[in-house]
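**Student:** First the structure, then my questions, so here it is.
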């Protein structure tokens, strides 16, 4: 693949989801990507230059993206920096420790040392530099030029407390977006949430350009979902009141499924045991998905493969003592 390498600076709020989200977005937007190296807080992958902004616009669990400059050991930092060939213009140098790697003193010392080397013969501008050199202190020093910064504030603006129709059991928008991205749904393709509730997942799907389809057994939830989608200027293709067993006859075949079915004490299951509901849900999802399409579903326990669905990935998130979320990715056989 004739594509440059870019470093994705991961958020670190989960041990496995950020990297999985990056790879899923690359697959959706570029079709393929080669991973050069990855480690704590970063993943270096090939990206088609023309698709970089579209990839970055989807991401939720990432901070920055930019051309990869290379890596070195701590004691090699100065000599490594001297050999870098950077674009012309003013420069800034920022050194960041990933989750406490190294010490604050090392970060300060490294900033001064690398700043002195890289600013030789050029203007230092800490406000609006032409070249933003970033160094991530991780298993080694990772150098890259910041090209794009992920707008993470947007997810806080769509937090459940900011929606006109409120439900306390909703996923945080960052994780709802990550779940959508794990399905590798492409722009213009259809994504169904058969337990759409207040619409948090469909909201994120719509904002990346997918055709949002949703259903819920509660008419109140469907009304609230429409209210929330309209509030954030998000479009939907179809929202219906129905039981999960009827989704195929209503929606036909879909390109992706992303859902967070009810499982907590405050969730509504119409008195049906949660395990029975989840079994029916998996069977229905297998029927509604097109062959080779993906589903991302959150369960309170690990859900294994079912008839027609192959388990592809699993990410565990401990929320509190009585709740653990399992982000399960399935492929329609």
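The values are calculated or read from the model by the stated rules, or taken from the named source; none is laboratory data. Quick caveat, the model's predicted, so the values are computed rather than measured. Cβ sites come from the backbone with ideal geometry, for glycine too, and all protein chains shown count toward neighbours.
**Student:** Does any residue of region 84-98 turn out to be assigned to a helix (DSSP H, G or I) and either under 21 Å from residue 12 (Cβ atoms) or in contact with a strand residue (DSSP E or B) (Cβ under 7 Å, 6 or more places away or on another chain) (or both)?
**Tutor:** No: zero hits.
**Student:** Report, ordered by the first and then the second residue, all pairs with beta carbons closer than 6 Å, sequence separation of six or more or different chains, a first member in region 31-44 that is assigned by TED's automatic domain parsing to the domain that holds residue 55, and a second member that is surrounded by fewer than 19 Cβ atoms within 10 Å (Cβ to Cβ) and in a strand (DSSP E or B).
**Tutor:** Correct list of pairs: 33/46; 34/46; 36/5; 44/5; 44/36; 44/37.
**Student:** Now for a different question. Among the candidates 130, 235, which residue alone is assigned by TED's automatic domain parsing to the domain that holds residue 51 and over 27 Å from residue 12 (Cβ atoms)?
**Tutor:** Just a single option satisfies the conditions, and that option is 130.
**Student:** Let me ask another. Could you list all residues from region 84-111 that are surrounded by 11 or more Cβ atoms within 10 Å (Cβ to Cβ) and without any contact (Cβ under 8 Å) to a residue 40 or more places away in the chain?
**Tutor:** Answer for region 84-111, where residues must be surrounded by 11 or more Cβ atoms within 10 Å (Cβ to Cβ) and without any contact (Cβ under 8 Å) to a residue 40 or more places away in the chain: 102, 103, 106, 107, 108, 109, 110, 111.
**Student:** Turning to a different aspect of this structure: On the given criteria, is residue 288 surrounded by 16 or more Cβ atoms within 10 Å (Cβ to Cβ), over 23 Å from residue 16 (Cα atoms) and over 25 Å from the mean Cα position of the chain (by Cα)?
**Tutor:** Against the criterion (surrounded by 16 or more Cβ atoms within 10 Å (Cβ to Cβ), over 23 Å from residue 16 (Cα atoms) and over 25 Å from the mean Cα position of the chain (by Cα)), residue 288 does not qualify.
**Student:** Moving to a separate point now. Kindly indicate which of 272, 248, 240 is at pLDDT 95 or above and outside any helix (DSSP H, G or I).
**Tutor:** 240
**Student:** Can you tell me which residues in region 23-63 are part of a strand (DSSP E or B) and either touching a helix residue (DSSP H, G or I) at 6+ places or on another chain (Cβ under 6 Å) or crowded, with 23+ Cβ neighbours inside 10 Å (or both)?
**Tutor:** 42, 43, 45, 62 - these are the residues of region 23-63 that are part of a strand (DSSP E or B) and either touching a helix residue (DSSP H, G or I) at 6+ places or on another chain (Cβ under 6 Å) or crowded, with 23+ Cβ neighbours inside 10 Å (or both).
**Student:** Here is a follow-up. Could you tell me which residue of region 307-324 is surrounded by the most Cβ atoms within 10 Å (Cβ to Cβ), considering only residues that are free of Cβ contacts under 8 Å to residues at least 40 places away in the same chain and touching a helix residue (DSSP H, G or I) at 6+ places or on another chain (Cβ under 8 Å)?
**Tutor:** 309
**Student:** Here's a follow-up. Only one residue in 241, 257 is surrounded by 19 or more Cβ atoms within 10 Å (Cβ to Cβ), touching a helix residue (DSSP H, G or I) at 6+ places or on another chain (Cβ under 7 Å) and on the phi < 0 side of the Ramachandran plot, so which one is that?
**Tutor:** When all the criteria are applied, what remains is 257.
**Student:** While we're looking at this one, here's another question. Please determine whether any residue of region 208-226 is in a strand (DSSP E or B), at pLDDT 95 or above, under 21 Å from residue 279 (Cβ atoms) and under 20 Å from the mean Cα position of the chain (by Cα).
**Tutor:** no
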